[in-house]
Amino acid sequence: MSNDMEIIDDFLSEEEFKNFLEVILNGEFPWYRGIKVTSNITSPIKEFESKEEQTQLCHVFINDSSKSYSLSSVFPIFDKLKVKEILRAKINLTFNTGKQVVGGWHNDFSLVNKNKIAIFYINDNNGFTLLEDGTKILSKANRLVIFNNSVLHTGISQTNTEERIVLNIGYI
C-alpha cells in the first residue's frame, strides 16, 4: 500500500453526507456528458490496461475558470480536508455497462508533486480506484481516499449497481 495514501471511512457526519446527497441526487442537479479519462500512459499493471473510452456524466464544482452554483455543497468536505487552495472539484457518474471497464491511467494535474488528490465515494458498488502499486480502494459510500498527485491511478467501473459516483478533488 502506498505510504502517502490515507483512507477515511465515514468521512462526513451522517447529516453532512445526507445534505450532500440531497444536492447531487436531486433531479434538478445539472450533469454534463463527458468522456472518461483515457491516456497513452502504459498501464503499470498488465491486467488493468485501458482499452476503451467510456462515457460519463460530470459536474465541475470549481476549476480555474468556473464555479458551480452548487459549490457550497462541497464546503464541508473542503473544510475537513483543511485545503489551502482548490485546483478542481468534479463529480463523475459512470453507468453500468455490464463489464468492468478500466479508465485511463493518469495524474490529475501537471503540478505532479505539488498537490494532493482526494476521491470521495458517493455510493457502494464493486467499482474501485486502482493505484500504480496495485492498491485497490473499493467504492464505499462516505469513504475518502487521499494520495499525492504523482501517483498514477485509474478508475474501474462497476457491474453491481446502475451507477458509480465519485467526487474528485485536486487541492493544495
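The values are calculated or read from the model by the stated rules, or taken from the named source; none is laboratory data. The model shown is predicted, which means the values in this text are computed figures rather than measured ones. Cβ sites come from the backbone with ideal geometry, for glycine too, and all protein chains shown count toward neighbours. Surface accessibility is based on the protein's heavy atoms, side chains included, excluding ligands, DNA and RNA. Shrake-Rupley method; radii C 1.70, N 1.55, O 1.52, S 1.80 Å.
Among the listed pairs Lys18/Lys99; Lys114/Lys140; Lys67/Lys140; Lys67/Lys136; Lys90/Lys114, which have their C-alpha atoms separated by more than 25 angstrom in this model?
Over 25 Å Cα-Cα: Lys18/Lys99; Lys114/Lys140; Lys67/Lys140; Lys67/Lys136.
Quote the accessible area belonging to Phe128 in square angstrom, nearest 10, computed with a 1.4 Å probe and with ligands, DNA and RNA left uncounted.
Accessible area of Phe128: about 10 Å².
What does the accessible area of Asp124 come to, in Å² to the nearest 10, when a probe of 1.4 Å is used?
Ignoring ligands and nucleic acids, Asp124 comes out at about 90 Å².
Arrange the residues Phe78, Phe109, Phe95 by how much accessible surface each exposes, largest first, with a 1.4 angstrom probe.
Sorted by accessible area, descending: Phe95, Phe109, Phe78.
Provide the per-residue ³J(HN,Hα) series for the stretch 147-158, in order, calculated from phi with Karplus coefficients 6.51, -1.76, 1.60 and θ = phi - 60°, each as a whole number of Hz, with x at glycine and proline positions.
8, 6, 4, 6, 7, 5, 8, 8, x, 10, 6, 9
At 1.4 Å probe size, with every protein chain present, just tell me what the per residue accessible area of the stretch 100-144 comes to in Å².
Accessible area per residue, the stretch 100-144: 37 Å².
When the dipole is taken about the Cα centre of the stretch 109-156, and only Lys, Arg (+1) and Asp, Glu (-1) are charged at their Cβ, what size is it in debye, to the nearest 20?
140
Just by accessible area at a 1.4 angstrom probe, what is the order of Val23, Val102 from largest to smallest?
Val23, Val102
Using a 1.4 angstrom probe with every protein chain in place, what is the largest-first accessible-area order of Trp31, Trp105?
Ranked list, largest accessible area first: Trp31, Trp105.
How big is the accessible area of Tyr32 in square angstrom, nearest 10, if you roll a 1.4 angstrom probe over the protein chains?
Roll a 1.4 Å probe over it and Tyr32 shows about 130 Å².
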